[in-house]
Amino acid sequence: MPSLKDLKNRITSVKNTRKITKAMQMVAAAKLRRAQEAAEAARPYADRMTAVMSSLAASVGGSDAPRLLAGTGSDRTHLLVVMTGERGLCGGFNANIAKLARHHAQDLLAAGKTVKILTVGKKGRDALRRDLGQYFIGHVDMSDVKKLGYDNAQVIAKDVLARFSEGEFDVATLFFSRFESVISQIPTARQVIPAQFEADAAGHGVSVDFDYEPSEEAVLADLLPRGVATAIFTALLENNASFNGAQMSAMDNATRNAGDMIDKLTIQYNRSRQAAITTELVEIIAGAEAL
């Protein structure tokens, strides 16, 4: 049974921990508001660009289709771009993204495909290194980034596009977490090379004819690399909002658990103290009667 001093030290320690988790929760809440606004503001632009590219892709085909749309003609080699956080203490945020990427990679390997992994964020790299470390081909460190910008996405996009131009892979897929709410972040896999569009992405069934100058092929060839960068930027923003939401929720739970632990330790401390006082009284009374 712990002594009174041990219990008191534990109570003090848990109180200090609660102060830290409470502070981290408040910081995450402040960052979440800005990150959520940025992610939500980027969605209409990304959706509209997807709709424009989908409309162009529907009218371009055959040998005239750009390589980013038509692909290499093979799906032998897959590049997995795994985006996670640079820090932990955010519940299952990083683990869920890494789990989705791991299962996807294992399915590809089981089908006889070649897998290459580019990690963005050290937590994803650490989570996948043990099982899939031999497939790593690069890493993007975002720990020094104070504010996410389109330039950060362009760095990753240029790397991915350069590797595609050199024939290093056939299919590229992004893995990130889509922000829904503070308590809901959805791990998502999105193929960006070759470009894929949903059936209703070209205007939800509305048919509109446009004349393009220069040609549709030339416009689409210019838009597709921008589309890859936009998809990466959107994924980074969604990930940032999801990370802050997950950290805020995790730190709130940690603060509540610390409070519950303090209450239990305080009760245990009071009971031990009362037992010690009772024992001392019994000894004093017994000694007095002996005299």
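Please work out if P44 is loosely packed, with under 14 Cβ neighbours inside 10 Å and modelled with pLDDT under 90. Taking the combined requirement at face value, the residue satisfies it. The set of residues from segment 51-104 being buried (at least 21 other Cβ atoms within 10 Å of the Cβ) and under 11 Å from the mean Cα position of the chain (by Cα) comprises V82, M83, T84, G85, C90, F93, N94, I97, A98.
Here D260 meets the list (1) modelled with pLDDT of 90 or more; (2) surrounded by 12 or more Cβ atoms within 10 Å (Cβ to Cβ); (3) not aliphatic (A, V, I, L, M) almost entirely, failing just condition (2).
Among the residues of segment 107-125, the ones that are under 14 Å from the mean Cα position of the chain (by Cα) and on the phi < 0 side of the Ramachandran plot come to 6 in all.
Contact map, segment 256-285: first residue more than 30 Å from Q25 (Cα to Cα), second residue assigned to a helix (DSSP H, G or I), Cβ cut-off under 7 Å, separation 6 or more or different chains; pairs are S272/L4; S272/L7; R273/L4; A276/L4. When you check D144 against the structure, is it over 22 Å from Q196 (Cβ atoms) and modelled with pLDDT under 90, yes or no? Yes: the conditions hold for D144. For segment 2-12, the criterion of being at pLDDT 85 or above, of a type in the set (V, I, T) and crowded, with 19+ Cβ neighbours inside 10 Å is met by no residue. Only a single item in (1) in the same structural domain as R125 (by TED's automatic domain parsing); (2) under 26 Å from the mean Cα position of the chain (by Cα); (3) surrounded by fewer than 16 Cβ atoms within 10 Å (Cβ to Cβ) is not met by V27, and it is number (1). Taken together, A38, A58, A95 contain a single residue that is among the hydrophobic types (A, V, I, L, M, F, W, C), more than 30 Å from T114 (Cβ to Cβ) and either at pLDDT 85 or above or not assigned by TED's automatic domain parsing to the domain that holds A218 (or both), which is A38.
The values are calculated or read from the model by the stated rules, or taken from the named source; none is laboratory data. Source: prediction; values computed, not measured. Cβ sites come from the backbone with ideal geometry, for glycine too, and all protein chains shown count toward neighbours.
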